[in-house]
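Every number here is computed from the coordinates shown, using simple stated rules; none is lab data. The structure displayed is predicted, hence computed values, not measured ones. A quick note on method: Cβ atoms are made from the backbone with ideal geometry, for glycine too, and the neighbour counts reach across all protein chains shown.
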Amino acid sequence: EADIYQTPRYLVIGTGKKITLECSQTMGHDKMYWYQQDPGMELHLIHYSYGVNSTEKGDLSSESTVSRIRTEHFPLTLESARPSHTSQYLCASSDLFARDQHFGDGTRLSIL
Amino acid sequence: AQSVTQLGSHVSVSEGALVLLRCNYSSSVPPYLFWYVQYPNQGLQLLLKYTTGATLVKGINGFEAEFKKSETSFHLTKPSAHMSDAAEYFCAVSGYTGGFKTIFGAGTRLFVKA
């Protein structure tokens with residue numbers, strides 16, 4: 001049963017649109033993460049946060065941005081979507097010691 | 001620095017056969033080790049983890065893994081495969097290297113034949 005929620009699950013949208021992918025967790029975790037994953041491929045960390053007002057870029061460069069105004073909420077925004085942004089985006093959270101990560105079910109994004 | 005290598009991007013077994021998914025890690029600090037499973041169109045779900053203590057770790061769905069420090073391995077096994085085990089499996093390592101960061105392997109897709 002998911003205790004980290006991502007919306008929408010699927011999004012098909014045209015080029016140039018502004019997109020926000022939502023992620024919320026109910027576990028009170030300090031750390032949150034965004035991964036990009038093409039189907040059947042490895043995970044690439046694109047953003048993470050240690051807590052409120054903390055955001056860091058991950059290992060894979062991304063044109064997206066994130067914010068962390070509340071502990072439970074970690075949205076990802078694309079100001080102007082392009083076909084190259086088509087992918088699956090996974091949100092996760094963990095305690096500060098990263099003993100394990102809890103994942104949402106992902107948002108599958110298609111940019112036409 | 002930490003890294004994870006999963007041997008074999010694809011593994012195929014018959015239903016009822018032994019499942020063995022291989023994972024080797026590199027870590028300059030005592031590692032935390034994890035196996036996650038991902039079913040189609042879903043996120044990752046934790047199967048099992050090793051932090052400290054007993055080196056044989058049992059997880060959900062009948063899976064287990066053994067931490068072997070001398071071999072820097074954390075292989076995942078299940079005695080008898082079921083069709084529902086078909087999925088993508090990710091090995092991961094974390095530990096304190098100036099901050100806690102989790103490194104994921106590239107994944108191994110398990111196929112189960114009837």
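A few points about this structure:
- Compactness of the protein assembly as shown as Cα Rg over 2.2 N^0.38 Å, two decimals: 1.02
- Simple spin-label estimate for A:Ser84 and B:Ser80 in nanometres, 7 Å along Cα-Cβ: 5.1
- Applying 1/(1 + (r/R0)^6) with r as the Cβ-Cβ distance of B:Ile60 and A:Tyr5 and R0 = 22 angstrom yields a FRET efficiency of 0.55.
- In this structure, A:Glu72 and B:Ser14 have a Cβ-Cβ separation that, at R0 = 35 Å, corresponds to a calculated FRET efficiency of about 0.20.
- Nearest-20 debye value, chain A charge dipole, Cβ charges on Lys, Arg, Asp, Glu: 400
- Listed residues A:Arg99, A:Arg82, A:Arg68, most fluctuating in chain A (Gaussian network, C-alpha, under 10 Å): A:Arg99
- Chain A: relative contact order in percent, alpha carbon pairs under 8 Å with at least 6 residues between: 37
- Euclidean distance of C-alpha centroids, segment A:1-42 and segment B:30-81, integer Å: 25
- Chymotrypsin sites (Phe, Trp or Tyr not before Pro) within segment A:33-66, DSSP loop, no more than 16 other Cβ atoms inside 10 Å: A:Tyr50
- Rg to Rh quotient for chain A, alpha carbon positions, Kirkwood Rh: 0.94
- For chain B, relative contact order (Cα pairs under 8 Å, six or more residues apart, normalised by length) works out to 37 percent.
- Modelled FRET efficiency - R0 30 Å, B:Glu71 with A:Glu22, Cβ distances, 0.05 increments: 0.10
- Each Lys and Arg adds +1 at its Cβ and each Asp and Glu adds -1 at its Cβ; summed about the Cα centre, the protein assembly as shown shows a dipole of about 180 debye.
- Counting DSSP beta bridges with both ends in the protein assembly as shown, the antiparallel % (nearest 5): 90
- Stretchable slack from A:Val52 to A:Val12, in nm (0.36 nm times residue separation minus alpha-carbon distance): 11.4 nm
- Kirkwood Rh (inverse of mean 1/r, distinct Cα pairs), chain B, angstrom: 14.2
- Of A:Lys31/B:Lys68; A:Lys18/B:Lys101; A:Lys31/B:Lys58; A:Lys31/A:Lys57; A:Lys17/A:Lys57; B:Lys49/B:Lys113, pairs whose Cα-Cα distance is over 19 Å: A:Lys31/B:Lys68; A:Lys18/B:Lys101; A:Lys31/B:Lys58; A:Lys17/A:Lys57; B:Lys49/B:Lys113
- Its residue count N fixes a reference of 2.2 N^0.38 Å for segment B:1-65, and the Cα radius of gyration divided by that reference is 1.23.
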